[in-house]
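K.L.:
Structure incoming, see below.
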Ligand SMILES: [Zn+2]
């Protein structure tokens, strides 16, 4: 069976080349994946965006309405740090749908990959750090609402703490949030998830992988998930513009293989999202984001 690759051409944002966010990242990534030999292991799946009211599972209705109608205050938009546009609106409704679709597909095929997602700084009532709506929290809650699964693990390996995800999921005993991140990141609120691993600046591959192995051990001793939503953020990379860790591309490959093979061996489905990654060298950045797709193609 082919691996579902969830993608939409409507993820594009028109942003200046110097913006920290690469506006056409998902499309560029999708094209780069399509040009590889291993791309034949995937089949492309598209989906429609969620209706704004669907998002009340994860977000306050007032926040959703005001964002959709471009009525957020300038200070609220400043927290999100992306200019409001109809493109941003479409993308913000598509990404939660895409991550939910990836999760639903993974339940059938064992694994599925999304060319976007990882908006983990979106809190229940406000957006932050390039994140408007939280696709991972939404997907987890929607899976539960539709009774497709009971227990969800959100494993967040982006270099920043998944603070918004924690905010949304904190009172749900059947969602385990694990964030392994650079300890220097300070979000808008101090959040504590089910398991937080804060790493010092300059952490290298060996220490990173050992901390990740420990975290997976703790999770597996405390929580048996029906599905994993895996944020494979590449801002842990040593050349990332925002991250402060010292992880090489080989370290990222080892991380992704470690996570994927652990859950594959236990027959627990995994849906991957791309998470963060920042750099002016866009080719290098796309190459880093491709690593998780290549790891999936190798293993499944
Ligand atoms: Zn990040």
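The values are calculated or read from the model by the stated rules, or taken from the named source; none is laboratory data. The model shown is predicted, which means the values in this text are computed figures rather than measured ones. Every residue, glycine as well, gets a Cβ built from its backbone with ideal geometry; the counts of neighbours run over all protein chains shown.
K.L.:
Considering only the stretch 218-230, I want to know if a residue exists there that is within 16 Å of the ligand (Cβ to nearest atom), within 15 Å of the chain's Cα centre (by Cα) and crowded, with 19+ Cβ neighbours inside 10 Å.
P.N.:
yes
K.L.:
Condition test on residue 283, is it more than 16 Å from the ligand (Cβ to nearest atom) and either at pLDDT 95 or above or closer than 18 Å to residue 223 by Cα (or both)?
P.N.:
Considered against the rule, which asks whether it is more than 16 Å from the ligand (Cβ to nearest atom) and either at pLDDT 95 or above or closer than 18 Å to residue 223 by Cα (or both), residue 283 comes out as yes.
K.L.:
With the structure loaded, tell me whether residue 112 is crowded, with 24+ Cβ neighbours inside 10 Å, under 12 Å from the mean Cα position of the chain (by Cα) and closer than 23 Å to residue 2 by Cβ or whether it fails that test.
P.N.:
Criteria not met by residue 112.
K.L.:
Looking at the stretch 237-254, can you tell me whether even one residue there is more than 17 Å from residue 212 (Cβ to Cβ), away from the ligand (no atom under 16 Å from the Cβ) and in contact with a helix residue (DSSP H, G or I) (Cβ under 9 Å, 6 or more places away or on another chain)?
P.N.:
no
K.L.:
Tell me, please, whether a residue that is assigned to a loop (DSSP other than H, G, I, E, B) and either surrounded by fewer than 18 Cβ atoms within 10 Å (Cβ to Cβ) or without any contact (Cβ under 8 Å) to a residue 40 or more places away in the chain (or both) can be found in the stretch 94-107.
P.N.:
Looking for residues that are assigned to a loop (DSSP other than H, G, I, E, B) and either surrounded by fewer than 18 Cβ atoms within 10 Å (Cβ to Cβ) or without any contact (Cβ under 8 Å) to a residue 40 or more places away in the chain (or both), one finds none in the stretch 94-107, hence no.
K.L.:
Take residue 180 and decide whether it is under 16 Å from the mean Cα position of the chain (by Cα), assigned to a strand (DSSP E or B), surrounded by 24 or more Cβ atoms within 10 Å (Cβ to Cβ) and in contact (Cβ under 8 Å) with a residue 12 or more places away in the chain.
P.N.:
yes
K.L.:
A further question on this structure: Considering the stretch 286-300 alone, what residues qualify as being part of a helix (DSSP H, G or I) and away from the ligand (no atom under 16 Å from the Cβ)?
P.N.:
Answer for the stretch 286-300, where residues must be part of a helix (DSSP H, G or I) and away from the ligand (no atom under 16 Å from the Cβ): 286, 287, 290, 293, 294, 295, 296, 297, 298, 299.
K.L.:
Evaluate the following for residue 233: is it within 15 Å of the ligand (Cβ to nearest atom), in contact (Cβ under 8 Å) with a residue 40 or more places away in the chain and either closer than 17 Å to residue 272 by Cβ or part of a helix (DSSP H, G or I) (or both)?
P.N.:
yes
K.L.:
Considering only the stretch 264-276, state which residues are on the phi < 0 side of the Ramachandran plot and either out of contact with any helix residue (DSSP H, G or I) (no Cβ under 9 Å at 6 or more places or on another chain) or within 16 Å of the ligand (Cβ to nearest atom) (or both).
P.N.:
Our first condition is that a residue be on the phi < 0 side of the Ramachandran plot; within the stretch 264-276, this holds for 264-266, 268-274, 276.
Result: 265, 272, 273, 274, 276.
K.L.:
Right, another one. Just one of (1) surrounded by 17 or more Cβ atoms within 10 Å (Cβ to Cβ); (2) more than 17 Å from the chain's Cα centre (by Cα); (3) closer than 30 Å to residue 40 by Cα trips up residue 246, so point out which.
P.N.:
It fails just one condition, (3).
K.L.:
Moving on. When only residues in the stretch 191-217 that are more than 27 Å from residue 286 (Cα to Cα) and surrounded by fewer than 14 Cβ atoms within 10 Å (Cβ to Cβ) count, which is nearest to the ligand (Cβ to nearest atom)?
P.N.:
Ranking the candidates gives 192 first.
K.L.:
In addition: Working only within the stretch 138-170, note down all residues that are more than 16 Å from the ligand (Cβ to nearest atom), in a helix (DSSP H, G or I) and touching a helix residue (DSSP H, G or I) at 6+ places or on another chain (Cβ under 8 Å).
P.N.:
Passing the criteria: 138, 139, 140, 141, 142, 143, 145, 168, 169.
K.L.:
Considering the stretch 2-18 alone, what residues qualify as being without any contact (Cβ under 8 Å) to a residue 40 or more places away in the chain and under 20 Å from the mean Cα position of the chain (by Cα)?
P.N.:
9
K.L.:
Could you check residue 90 against (1) assigned to a loop (DSSP other than H, G, I, E, B); (2) surrounded by fewer than 17 Cβ atoms within 10 Å (Cβ to Cβ); (3) touching a residue at least 24 places away in the same chain (Cβ under 8 Å); (4) in contact with a helix residue (DSSP H, G or I) (Cβ under 8 Å, 6 or more places away or on another chain) and say which number it fails?
P.N.:
Here residue 90 clears every test but (1).
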